[in-house]
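Working notes, structure below.
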């Protein structure tokens, strides 16, 4: 399944909001707010001749009066953010906020700031600072929880080094706050200032993964960038022993290094194609999962083949600058030929390889190369291109030469029906039909043969131009002559059993520049 970048972005936004909402409900539930119903709010609008408003009650105690029901909710959210910021972590409090319409409000109307201060005074007296804080690491839509921030860094460092082996770059956490919940995002940096400057130029990630190079760029081999492919956030939560993992447990969860691979045991009659189809893979997938296998491999019953590999939750991206020399091929040059059919081509000249020195940025995901971008090259020996001419003509359409097509012998190698010779090449298809059945021209053209043709018996050849010829053999009678122009579907002969045959049938061929082709690659196309 192929997911577009836009869809993935929308999915991540949705998950981000959903996770934040869930954490808020689970861990900050005491800040939940209960408001008046829409009917009571409507009834509480200002009326002529008296003061109507909204009374705000917190934990059963009257806080004051406001003229806007939404102000109370906004004030409570502001208080929550204020307390989290003052304490430097997410704090908790049991709160029950009620807002209801009142046609006979007592006291002065409070502004949002005044209402916020009153709520702050009340909540600050009952605020709870947890001593069981934990940290949830969200990797796209996967989450795992550890005890401390130090363990978060230790875990991500261990994952980075296990998946990519890059000790020179360190994980750091960047503090953020969203919807009142303290969060941290992940960055990977190096203390090498010159390397950081190179990374800015050579490993710029701008949404298209294009490496930026200028005339002033100084190239130096080495790792230029290390980072995580996934969006990673660390959210401060309240944890319990049941859901908090040790660094070792969490590392195994997110890297799946020790997870067992899915396997398949070969049984009698299996082949690689059948196995791939049976387990829902392509042959290329199967070869990729089993480096010891290729199209020439022989498998035996009892052999074990890998059919799935555990996919880690985290991917480490490494961009490395490399300098090397290599042979290279020039791009093929194609020349259109208006006298050849589409699909036909002819090599005019073979190219020769060139030699060059290359500076490239090679990108790896979990140690596997997925991209190589050449950013500079010095040509030592110029390559010459292969030149190929290719046809542009649209091939004619061919129809069945008989009203019914019952194949008794296909195109290709077979045991010859009269001589018994093994691996005899059959240059056409044999179509069963009783003697005297009408034979039609498969395509319009000019008759080039109408008579006896050795083992073909009575035979008709029709040229359709540009080297294409159809042949009709073993006829009982011929109704056209050499040089005659015929139209597609025109009756040209009657079927029979003349020539080298074992019974009545029509032998039908398609030849291109006198080379036999499988007729079914041309019929009705």
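The values are calculated or read from the model by the stated rules, or taken from the named source; none is laboratory data. Here the structure is a predicted model, which means the values were calculated and not measured. Methodologically, a virtual Cβ is constructed for each residue, glycine included, from the backbone with ideal geometry; neighbour enumeration extends over all protein chains shown.
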If I go through the stretch 492-525 residue by residue, how many of them are assigned to a strand (DSSP E or B), more than 15 Å from residue 471 (Cβ to Cβ) and either touching a helix residue (DSSP H, G or I) at 6+ places or on another chain (Cβ under 6 Å) or without any contact (Cβ under 8 Å) to a residue 12 or more places away in the chain (or both)?
0
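Is there a residue being over 17 Å from residue 236 (Cβ atoms) and outside the structural domain of residue 55 (by TED's automatic domain parsing) anywhere in the stretch 129-141?
Yes.
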Looking for whichever is under 28 Å from residue 393 (Cβ atoms) and part of a loop (DSSP other than H, G, I, E, B) here; the options are 489, 473. Which one fits?
489
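Looking only at the stretch 142-172, count how many residues are free of Cβ contacts under 8 Å to residues at least 60 places away in the same chain and more than 16 Å from residue 225 (Cα to Cα).
Adding up the residues that qualify gives 3.
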Within the stretch 91-113, is even one residue under 45 Å from the mean Cα position of the chain (by Cα) and assigned by TED's automatic domain parsing to the domain that holds residue 58?
yes
Which condition from (1) over 48 Å from the mean Cα position of the chain (by Cα); (2) modelled with pLDDT of 75 or more; (3) surrounded by 13 or more Cβ atoms within 10 Å (Cβ to Cβ) is the one that residue 82 breaks?
(1)
Residue pairs qualifying under the 7 Å Cβ cut-off, at least six apart or on distinct chains, with the first in the stretch 47-59 being modelled with pLDDT under 50 and the second being part of a loop (DSSP other than H, G, I, E, B) and buried (at least 16 other Cβ atoms within 10 Å of the Cβ), are none
Taking the stretch 387-424 and keeping only residues that are surrounded by fewer than 15 Cβ atoms within 10 Å (Cβ to Cβ) and touching a residue at least 60 places away in the same chain (Cβ under 8 Å), one is left with 397, 399, 408, 412, 418
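May I ask you to verify whether residue 297 is over 30 Å from residue 515 (Cα atoms) and touching a strand residue (DSSP E or B) at 6+ places or on another chain (Cβ under 7 Å)? Let's see the steps before the verdict.
Numbers: over 30 Å from residue 515 (Cα atoms): yes; touching a strand residue (DSSP E or B) at 6+ places or on another chain (Cβ under 7 Å): no.
When the stated conditions are applied, residue 297 does not pass them.
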Test: residue 352 is more than 17 Å from residue 468 (Cα to Cα) and modelled with pLDDT of 95 or more
yes
Would you say residue 364 is within 30 Å of residue 311 (Cα to Cα), assigned to a strand (DSSP E or B), without any contact (Cβ under 8 Å) to a residue 60 or more places away in the chain and in the same structural domain as residue 327 (by TED's automatic domain parsing)?
no
Can you tell me which residue among 336, 371 is surrounded by 12 or more Cβ atoms within 10 Å (Cβ to Cβ), in contact with a strand residue (DSSP E or B) (Cβ under 7 Å, 6 or more places away or on another chain) and part of a strand (DSSP E or B)?
371
Among the strands (runs of 3 or more DSSP E) lying completely within the stretch 387-447, list those that include at least 1 residues that are within 30 Å of residue 333 (Cα to Cα) and either modelled with pLDDT of 85 or more or within 45 Å of the chain's Cα centre (by Cα) (or both).
387-393
Condition met for residue 244 (buried (at least 16 other Cβ atoms within 10 Å of the Cβ) and within 27 Å of the chain's Cα centre (by Cα))
no
